[in-house]
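Let me begin by presenting the structure, written as structure tokens, before commenting on it.
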Amino acid sequence: MNTDKKSEAYLTFLLGDEKFAVLVNYVHEVVELNNYTRVPDAPAYMLGIFNLRGTILPLLDTRIKLGLPQKEKTNKTRILILNVRDKEDATTSIGAIVDVAREVVEIEDENIQKPDDIEGFKSTTPVTGIVNDHGDITMIMDIHRVFSVDELSHMNKTIN
């Protein structure tokens, strides 16, 4: 076994036909979509709040946040409980809705193509890398670019 290769664990999930992955370090758990409460005057991507074993968390629609069309929720819809860190390294937990949570996979750094290498790819995108496994494309997502700490602190003021 070659121990020189660096790899990290990612949780893969689907939004429509597109496959994404986030570092497992940021995923606390995956739960089923149950009841949630809408919050008046919240941003469009904030579906509301929900109770996770006594803790109230904001529930965000990842599709809306990424500019994808909304989709009907199904029995495969899941909530990723993500731990997002701010500049002071404080952690905020959120619930992010995905169409399907898939599996945890190890991805070697050398197999991740950086978006900078792809012509016309915007550097502001939350996709920080792309893995092409024989035509099976997985986009590596930086949750801190999708769910910014400033937005989260604004949301926490909304729900508290």
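The values are calculated or read from the model by the stated rules, or taken from the named source; none is laboratory data. Please read these numbers as outputs of a predicted model, since none were measured by experiment. Virtual Cβ from ideal backbone geometry, glycine too; neighbours counted across all protein chains shown.
Consider only pairs whose beta carbons are under 9 Å apart and that are at least six residues apart or on different chains; among these, list those whose first residue lies in segment 53-69 and is closer than 11 Å to residue 15 by Cβ and whose second residue is of a type in the set (Lys, Arg).
As it stands, the answer is 63/71; 69/63, since those pairs meet every condition given.
Regarding segment 126-149, can at least one residue be identified that is of a type in the set (Val, Ile, Thr), surrounded by 10 or more Cβ atoms within 10 Å (Cβ to Cβ), assigned to a loop (DSSP other than H, G, I, E, B) and at pLDDT below 95?
Scanning segment 126-149, I find no residue that is of a type in the set (Val, Ile, Thr), surrounded by 10 or more Cβ atoms within 10 Å (Cβ to Cβ), assigned to a loop (DSSP other than H, G, I, E, B) and at pLDDT below 95, so the answer is no.
Based on what the data block shows, is residue 154 part of a helix (DSSP H, G or I), at pLDDT 85 or above and either over 18 Å from the mean Cα position of the chain (by Cα) or under 19 Å from residue 67 (Cβ atoms) (or both)? Show your work before the answer.
Details: part of a helix (DSSP H, G or I): yes; at pLDDT 85 or above: no; either over 18 Å from the mean Cα position of the chain (by Cα) or under 19 Å from residue 67 (Cβ atoms) (or both): yes.
In short, no.
So which residues in segment 69-102 are in contact with a strand residue (DSSP E or B) (Cβ under 6 Å, 6 or more places away or on another chain) and farther than 17 Å from residue 33 by Cβ? So that I can check it myself, show each step before the final result.
Taking segment 69-102 as the starting set, the residues that turn out to be in contact with a strand residue (DSSP E or B) (Cβ under 6 Å, 6 or more places away or on another chain) are 76, 78-85, 91-102.
Selection gives 83, 84, 85, 91, 92.
Could you check segment 10-80 for strands (runs of 3 or more DSSP E) lying wholly inside it with 1 or more residues that are basic (Lys, Arg) and under 23 Å from residue 127 (Cβ atoms)?
Working: elements: 18-23, 27-32, 46-52, 55-61.
Answer list for segment 10-80: 18-23.
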